[in-house]
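Everything below concerns the one structure shown next.
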Amino acid sequence: MKLAFSTLGVPGLPLPDVLRLATAHGYHGVELRTHPEEPVHTGLGPAERADVAAEFKGAGVELLGLAGYARVAAPGDDEPVLAEIRALVDLAHDLGAPYVRVFPGGDLDVQSPEEADATAARRLGTAAEHANDLGVRILLETHDSHRTAADAMRVLGLVGHRQVGALWDVMHTWLGGEQPSETYAALSPHLGYVQVKDIASVEDTTPLPLGAGVLPLAECVEVLSRHGWDGWLCWEYEKRWYEDAAPLPDLLGPGREHLSRLLNESA
């Protein structure tokens with residue numbers, strides 16, 4: 001498996017500094033939080049996009065994916081959501097990123113679960129055609145209204161398109177009560193990559209160094225290894241949402257060592 005980290009952990013950090021952190025601490029790739037607050041977003045012009053792609057290539061670091069914020073199950077008109085996904089897919093294509101992350105974002109106060117599923121599936125199925133043309137895969141993250149693999153599979157089963165898959169966020173499936181073996185069994189035909197992290201408890205989701213909290217990271221890695229899965233583990237450290245959390249740069253080296261140890265133990 002290859003290791004990456006998300007720029008959610010280093011909010012607003014210039015891309016050259018992000019790439020220096022990746023190379024200094026032995027990470028193979030980076031997931032870019034794609035938001036107007038960040039250096040890389042869908043408003044970049046052609047020359048800026050070319051520069052970003054060149055910086056990754058020059059550093060020898062892979063661009064794993066773009067972590068966007070489109071909410072595919074959200075109530076409302078389809079077109080604004082589809083436009084947001086298309087913009088992310090276009091950017092991913094221009095930068096050479098294989099994946100785009102989207103959220104479910106359903107609102108079960110105003111939708112039935114069936115309505116949320118159908119809305120997400122309809123939009124993802126439509127967006128898949130554009131993604132297919134550009135060679136980009138859209139990944140539905142286990143998150144918010146669809147936090148477990150069982151939830152995500154209700155949507156993915158309706159979509160049935162190879163350019164739409166799943167992003168396994170290990171915190172959300174754990175909070176949803178799923179065991180890693182159950183999550184993997186459900187998502188494995190659709191799995192793009194895995195986001196790892198650690199937290200203190202159900203009540204306190206402040207990010208912690210990997211291995212310092214309660215999330216079943218060893219079990220997740222063991223399940224993936226046992227099934228011969230050779231994709232990406234991406235550390236999503238939610239510094240942007242928790243300003244008092246320790247700075248990520250100081251944790252990147254020990255975090256990579258922890259993941260490498262889990263991989264060795266599960267080999």
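The values are calculated or read from the model by the stated rules, or taken from the named source; none is laboratory data. Owing to the predicted nature of the structure, the values given are computational and were not obtained by experimental measurement. Every residue, glycine among them, receives a Cβ derived from its backbone with ideal geometry; neighbour counts consider all protein chains shown. Protein only, heavy atoms only, side chains kept; ligands, DNA and RNA dropped before computing areas. Shrake-Rupley method; radii C 1.70, N 1.55, O 1.52, S 1.80 Å.
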Quarter of the surface of the C-alpha convex hull for the stretch 104-239, i.e. direction-averaged projected area in nm², equals 8.6
Which residues qualify? For Arg33, with a placed amide H closer than 5 Å and at least 5 residues away or on another chain, they are Thr7, Leu8, Ala67
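Roughly how compact is the stretch 1-152, stated as its Cα Rg over 2.2 N^0.38 Å to two decimals?
My calculation over the Cα atoms of the stretch 1-152 gives 1.08.
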Per DSSP, loop GluC sites (Glu not before Pro) in the stretch 176-210 with at most 13 further Cβ within 10 Å
Glu203
Which GluC sites (Glu not before Pro) from the stretch 1-73 combine a DSSP loop assignment with at most 10 other Cβ atoms within 10 Å?
Glu37
Quick one: in the stretch 133-209, what % of C-alpha pairs are over 17 Å apart?
43
When the expected Rg is taken as 2.2 N^0.38 Å, what fraction or multiple of it is the alpha-carbon Rg of the stretch 138-177?
1.08
Carbon plus sulfur, as percent of the 1.4 Å-probe accessible area of the chain, comes to 51
Can you pull out the trypsin sites (Lys or Arg not before Pro) in the stretch 161-265 that DSSP calls coil and that have at most 13 other Cβ atoms within 10 Å?
Arg162
Could you work out the local net charge near Ala67, counting Lys and Arg as +1, Asp and Glu as -1, over the other residues with Cβ closer than 10 Å to its Cβ?
-2
For the stretch 108-182 and the stretch 56-81, what is the separation of their C-alpha centers, rounded to whole Å?
14
Compactness ratio of the stretch 1-78: Cα Rg over 2.2 N^0.38 Å, N = residue count?
1.19
Interchain or long-range residues, amide H under 5 Å from Trp235's placed H:
Ala4, Phe5, Ser6, Val196
At a 10 angstrom cut-off on C-beta neighbours, averaged per residue, how do the peptides 136-149, 73-86 rank from highest to lowest?
136-149, 73-86
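So what is the accessible area of the stretch 143-230 per residue, in Å², with the probe set to 1.4 Å?
39
Give me the Å³ per residue figure for the convex hull around the C-alpha atoms of the stretch 58-116.
Measuring per residue, one finds 79 Å³ for the Cα hull of the stretch 58-116.
So what's Rg/Rh here for the stretch 90-171, counting alpha carbon atoms and using the Kirkwood radius for Rh?
Looking at the stretch 90-171, the ratio lands at 0.98.
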